[in-house]
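The values are calculated or read from the model by the stated rules, or taken from the named source; none is laboratory data. Everything numeric here is computed off the predicted structure, so don't read it as measured data. As a convention, Cβ positions derive from the backbone with ideal geometry for all residues, glycine included, and neighbour counts pool all protein chains shown.
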Amino acid sequence: MRTDAGARSRRISRDILIGMVVLGSVWGLSEVILNDAIRAYELPWRAGILAGVGMLWMGIGLGLIRSPWLLVGLPIAAACLKQLVVPILHVSVLCKANSCLAIGLQAFCLAGVVGMAGRRAFGGGFGRATMGAGAALGSALPFYFIGLRLAPCPYLLSFGRPEGLGAFMLTEGLVWAAFAGLGFPLGYRLGTTLADPVGSLHARKPLVYYGSAAGLTLFCWAVAALRISAAG
């Protein structure tokens, strides 16, 4: 009985680690590609769209593996991929510091919300939309103060005035919340849909499962490196 419990615990820990690396890499690649596309087409709500996509990937992860611990590693993998700009373009790590800060804060806030909600976090869609929106809105507050001191861009500096916090929360915070409120429940729904096929593949063909995870991770890093090189 103890042996079975120990094996199950090791399997869950292994699945969480794989999920962190794979989904974090996909998240990072989506940030690289979408950020360039949004800038190229001069689309509005860039940060909000990226927040919604980040919540989508975190939702997929939680739908596959119902553990808030998964959210600890996802932003680390995504941030490391985004920081490929440092060795490839020979720029400062501060170049992507604020965008890495944003995804880290969003994941941290979502992990806190999911952890406090417990089993209720995996309930209805409205509740998940509220959690995603709340986590994004909650992350905007510390981002304002830290981002202004870490690596402020001209746009963020435009909020550096006495009433800047309120303006930032209305202009950016609410937009982050709106996209996150859509992305998180959609991602969770996709994750729960994929959970059985992925679990079945893991049980029946573990070599294919682990090979696919490694292949997808390497693909994300290779494509990101090529995209960053081309953009630079």
Practice prompt. Test Phe143 against the criterion of being modelled with pLDDT of 95 or more, surrounded by 20 or more Cβ atoms within 10 Å (Cβ to Cβ) and over 15 Å from Ala47 (Cβ atoms), and give yes or no.
Written response: no
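For the range 69-79, indicate whether the set of residues that are on the phi < 0 side of the Ramachandran plot, outside any helix (DSSP H, G or I), hydrophobic (A, V, I, L, M, F, W, C) and touching a residue at least 40 places away in the same chain (Cβ under 8 Å) is non-empty. Let's see the steps before the verdict.
So the first thing to find is which residues in the range 69-79 are on the phi < 0 side of the Ramachandran plot, and the list is 69-79.
Restricting the remaining residues to those that are outside any helix (DSSP H, G or I) gives 69.
Within this subset, residues satisfying the condition of being hydrophobic (A, V, I, L, M, F, W, C) are 69.
If we keep only those that are touching a residue at least 40 places away in the same chain (Cβ under 8 Å) too, we end up with 69.
The answer is yes, given that some residue of the range 69-79 is on the phi < 0 side of the Ramachandran plot, outside any helix (DSSP H, G or I), hydrophobic (A, V, I, L, M, F, W, C) and touching a residue at least 40 places away in the same chain (Cβ under 8 Å).
So which of Lys96, Lys205 is among the basic types (Lys, Arg) and either touching a Leu at 6+ places or on another chain (Cβ under 8 Å) or loosely packed, with under 15 Cβ neighbours inside 10 Å (or both)? First the steps, then the outcome.
Numbers: Lys96 fails: either touching a Leu at 6+ places or on another chain (Cβ under 8 Å) or loosely packed, with under 15 Cβ neighbours inside 10 Å (or both).
Criteria check complete, one pass: Lys205.
Just one of Ala129, Ala107, Ala102, Ala136 is closer than 26 Å to Ile76 by Cα, in a helix (DSSP H, G or I) and in contact (Cβ under 8 Å) with a residue 60 or more places away in the chain; which is it? If you could, list the steps in order and put the result at the bottom.
Working: Ala129 fails: in contact (Cβ under 8 Å) with a residue 60 or more places away in the chain; Ala107 fails: in contact (Cβ under 8 Å) with a residue 60 or more places away in the chain; Ala102 fails: in contact (Cβ under 8 Å) with a residue 60 or more places away in the chain.
None of the others qualify; the one that does is Ala136.
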Worksheet item: Being among the hydrophobic types (A, V, I, L, M, F, W, C), under 17 Å from the mean Cα position of the chain (by Cα) and assigned to a helix (DSSP H, G or I), is that true of even one residue in the range 143-163?
Response: yes
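For the structure I just gave you, tell me whether Ala102 is among the aliphatic types (A, V, I, L, M), at pLDDT 95 or above and out of contact with any His (no Cβ under 6 Å at 6 or more places or on another chain). Give the steps one after another, and end with the answer.
Details: among the aliphatic types (A, V, I, L, M): yes; at pLDDT 95 or above: yes; out of contact with any His (no Cβ under 6 Å at 6 or more places or on another chain): yes.
The answer is yes for Ala102.
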Item to complete: Check the range 54-62 and report whether any residue there is under 19 Å from Cys109 (Cβ atoms), of a type in the set (Gly, Ala, Ser) and not in a helix (DSSP H, G or I).
Response: no
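Considering Ala203, Ala222, Ala177, Ala214, which residue is modelled with pLDDT under 95, part of a helix (DSSP H, G or I), of a type outside the set (S, T, N, Q) and at negative phi? Please lay out each step first, then the result.
Values: Ala222 fails: modelled with pLDDT under 95; Ala177 fails: modelled with pLDDT under 95; Ala214 fails: modelled with pLDDT under 95.
Of Ala203, Ala222, Ala177, Ala214, the one residue that is modelled with pLDDT under 95, part of a helix (DSSP H, G or I), of a type outside the set (S, T, N, Q) and at negative phi is Ala203.
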Item to complete: Mind counting the residues in the range 4-53 that are touching a Leu at 6+ places or on another chain (Cβ under 7 Å) and aromatic (Phe, Trp, Tyr)?
Response: 1
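Does at least one position in the range 115-124 carry a residue that is touching a Phe, Trp or Tyr at 6+ places or on another chain (Cβ under 6 Å) and in a helix (DSSP H, G or I)? Lay out the reasoning, then the answer.
Start the filter on the range 115-124 by keeping residues that are touching a Phe, Trp or Tyr at 6+ places or on another chain (Cβ under 6 Å), which leaves none.
Checked the range 115-124: no residue is touching a Phe, Trp or Tyr at 6+ places or on another chain (Cβ under 6 Å) and in a helix (DSSP H, G or I).
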Fill in: Residues within the range 3-49 that are out of contact with any Lys or Arg (no Cβ under 8 Å at 6 or more places or on another chain), assigned to a helix (DSSP H, G or I) and either of a type in the set (Asp, Glu) or without any contact (Cβ under 8 Å) to a residue 60 or more places away in the chain (or both), tallied
23
